[in-house]
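Here's the structure we're looking at; comments come further down.
The values are calculated or read from the model by the stated rules, or taken from the named source; none is laboratory data. No experiment lies behind these values; they were computed from the predicted model shown. In this analysis, Cβ positions are derived from the backbone assuming ideal geometry, glycine residues included, and neighbour counts consider all displayed protein chains.
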Amino acid sequence: MKYYIEEFHNRKLFHLEEIVALIGNENTAKDLLYNYKKQKLICPIRRNLYAATDLATKKCVATKFEIGSNITPSSYISYHTALEYHGIAHQIFYGLHVSSESRFNNFEFDGINYQYCESKITPGIYTPNLDSLVKVTDIERTVVDCIDHIDRAGGLEELIHSISLITFLSEEKLKLYMNKYAKTFLYQKIGFILSYFQQQIKISDNFIQHCKNNTGKSVRYLTTREESPTFFKDWNLCAPENILSYLEQGGNEIV
């Protein structure tokens, strides 16, 4: 028994099939997991996914970022949760965005709601050096994704606050991800929003022009019609009169 406890703590997170492979018999593996659950040596996170617990407190030892990264083989931390992981979220949410190539049902564990998002492209996902169980979008991919789905960034105000904390973005990475998505509206939104932070995040006039060159001819709204009353001719885009005014509002909250 001691061997398996040590093995589970080394793994932190594990699926039923991993334990079956470790023990060599499915029924024996299920019996072991059942007994460990009764003793609170492990905790069930969702169907067939378990985590080791702290031997003293009996609390799950895996972080929410580690759990989200291991729901499916292709799952990774994305959108507002990636902003939070990178330390640039303005607010902390109880909903956690997880992108995956395979669908899973949303579920709640330890007060956190794990929400499925369809993974549309694969570049820009990495495992941090000191977080071997985490898979997360890099800063550039996170910015592109959040501008693509502003609702998943926590709204425009939250997004603007987060971008205001960034000091550098790689133009090449931004272009790669934008090209992969191949949406003219995305070029409009990214060029428009990042132009407000051009000097701060160190992007060139050429990048801004690149976004303009790939902008569609249709007039689009950055958010809702009510929230975006001002027309910006250069971008063929309706948006709030001054998105930087959001920086004068609000403090950090947990939502």
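Thr142 satisfies every condition listed in (1) free of Cβ contacts under 8 Å to residues at least 60 places away in the same chain; (2) buried (at least 16 other Cβ atoms within 10 Å of the Cβ); (3) not aliphatic (A, V, I, L, M) except (1). Quick check on this structure: which one of Asp205, Asp138 is among the acidic types (Asp, Glu) and within 30 Å of Ala51 (Cα to Cα)? It is Asp138.
Pairs meeting the criteria (first residue in the range 73-94 and acidic (Asp, Glu), second residue outside any helix (DSSP H, G or I), beta carbons under 9 Å, at least 6 apart or on different chains) are Glu84/Ile77; Glu84/Gln91; Glu84/Ile92; Glu84/Phe93; Glu84/Leu96. Among the residues that make up the range 108-119, is at least one of them more than 13 Å from the chain's Cα centre (by Cα), over 21 Å from Leu165 (Cα atoms) and part of a loop (DSSP other than H, G, I, E, B)? The answer is yes; a qualifying residue exists. If you check Lys183, Lys189, Lys120, Lys173 for being surrounded by 18 or more Cβ atoms within 10 Å (Cβ to Cβ), under 22 Å from His80 (Cβ atoms) and of a type outside the set (Gly, Ala, Ser), only one passes: Lys189.
In this structure, Cys146 does not qualify as in the same structural domain as Cys117 (by TED's automatic domain parsing) and touching a strand residue (DSSP E or B) at 6+ places or on another chain (Cβ under 8 Å).
Of the candidates Asn213, Asn179, the single residue that is farther than 25 Å from Thr137 by Cβ and out of contact with any Pro (no Cβ under 8 Å at 6 or more places or on another chain) is Asn213.
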